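Let me give you the structure first, and then I'll get to my questions.
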Amino acid sequence: MFRDKMKKAKVDLKTQHEKAATEERGSIGSIFLKEKIPSTMGFWRPGIGEHQIDIIPFFAGKQHPSVPEGTLHFMVRLFVYNTNMGVFVAPWDNWQNPDPIREYITKKGWMPEDEFKRVAAKDRCAFFVWVHDTIEEEKKGIQIWEESFYNSYKEIKEQAELPLGGGHILFSDPDIGKRIYWKVAKSGSYTDSRGQKREGREYIGFKLIDRPGSIPESILDQTFPLDEAIRMHVTYEELSVAFYGKHIKATPEEKVPEQSEPPVLQSDNATTEAACPTGHHFGADYEKYPECVSCDISHRCSDTEDTKMVQEKEKEELPITKEAPPAVLQATAQPTRRIIRRK
């Protein structure tokens, strides 16, 4: 039973809450291995409105990027690339392994900020959640929630921090933890790939609220090593093809040819990134139809929507200048962001 095993490892949960809150990292989508996930378990995405969830801890497997196997943890946090040919865990940012996209960014030195945002690895988090928005959602049991760091753990962490260095609320503890509440609201607008104005959205009002009771054993027993359901390692050659459209051989002297440019950077037509398999508008009709819930590329559709909204806001609030490289790119020129690797 989960609680019997948890008694021996509960100190792990306190440690991981503290470490995760101080860890500095700087994308998950269908990096998931569906054959590793029970057919009865689905993926959850918060729509417009109010939400209440419990984050459910799990015992880490052999693939967790931050902790040893068997450690009680509550999330998997990774850098992820979103390319024309799929979504991949970033080799360098997560494992310090050879990475053609990282090499391209470092060698190029400076690029327009919108270009950098398209190619750089994104910070993503994955959780087991028990959703309490409706009775129907509760009956589903555990679901997988994959989200950007900034719309999930960043906000939760701020609410969990106790004042004056008092530590952190163990919100994921099955017995003394807290429920997480927030709203997804409409916010401003952005221009989609077809040139149409669309409503944006924002995550606001995060709070930790009391649970009515402990997490039932029947819910805890649905967990498994979440990291084992993610394709953690991609080869240099496969990522090269996904980024450049061809194989790029890595050598100690010169890993990325000067003339090589990834196809995604040569086209201004955002619709080339993907096409909606059900005929709707990719990156614009996200979450507007029932089939969006089970769509295999819903994460890319969501990321496209979010990116266009952010770019539209930046154009209005802070125009990009070319006199100096963006600070975010300057910080990325050297590999300063690291994720703890399990020995």
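Nothing in this text is a laboratory measurement; each read-out follows from the coordinates by a stated rule. Just so you know, these numbers come straight off a predicted model, no measurement behind them. Because the Cβ atoms are built from the backbone with ideal geometry, glycine has one as well, and the counts that use them run over all protein chains shown.
Residues being in contact with a strand residue (DSSP E or B) (Cβ under 9 Å, 6 or more places away or on another chain) and surrounded by fewer than 22 Cβ atoms within 10 Å (Cβ to Cβ): count how many of those fall in the stretch 82-107.
Total satisfying the criteria: 2.
Please specify each residue of the stretch 61-81 satisfying the condition of being buried (at least 22 other Cβ atoms within 10 Å of the Cβ), aliphatic (A, V, I, L, M) and more than 20 Å from PRO216 (Cα to Cα).
Hits for the stretch 61-81 are VAL76, LEU78, VAL80.
Can I ask one more? Restricting to the stretch 135-185, give me the number of residues that are of a type outside the set (Val, Ile, Thr) and touching a Lys or Arg at 6+ places or on another chain (Cβ under 9 Å).
Residues in the stretch 135-185 being of a type outside the set (Val, Ile, Thr) and touching a Lys or Arg at 6+ places or on another chain (Cβ under 9 Å): 23 in total.
Sticking with this structure for a sec: Name the one entry in PRO163, PRO212, PRO225, PRO216 that is touching a Phe, Trp or Tyr at 6+ places or on another chain (Cβ under 8 Å) and on the phi < 0 side of the Ramachandran plot.
PRO225
To continue, here is another question. Among residues belonging to the stretch 223-250 that are of a type in the set (A, V, I, L, M, F, W, C) and assigned to a helix (DSSP H, G or I), point out the one that is surrounded by the fewest Cβ atoms within 10 Å (Cβ to Cβ).
The selected residue is VAL241.
Continuing with this model, one more query. Looking at (1) in contact with a Gly (Cβ under 6 Å, 6 or more places away or on another chain); (2) more than 17 Å from HIS132 (Cα to Cα), which one does GLN222 not meet, given that it meets all the others?
(2)
Condition test on ALA60, is it over 19 Å from LEU170 (Cβ atoms) and not polar (S, T, N, Q)?
No.
Here's something else I'd like to know. Tell me which strands (runs of 3 or more DSSP E) are completely within the stretch 113-222 and hold 1 or more residues being of a type in the set (D, E, K, R) and either closer than 20 Å to ASP54 by Cβ or over 22 Å from the mean Cα position of the chain (by Cα) (or both), or say none if there are none.
142-148, 178-191, 197-210
Could you check the stretch 158-190 and list, in sequence order, the residues that are exposed (fewer than 13 other Cβ atoms within 10 Å of the Cβ) and β-branched (Val, Ile, Thr)?
Hit for the stretch 158-190 is ILE176, nothing else.
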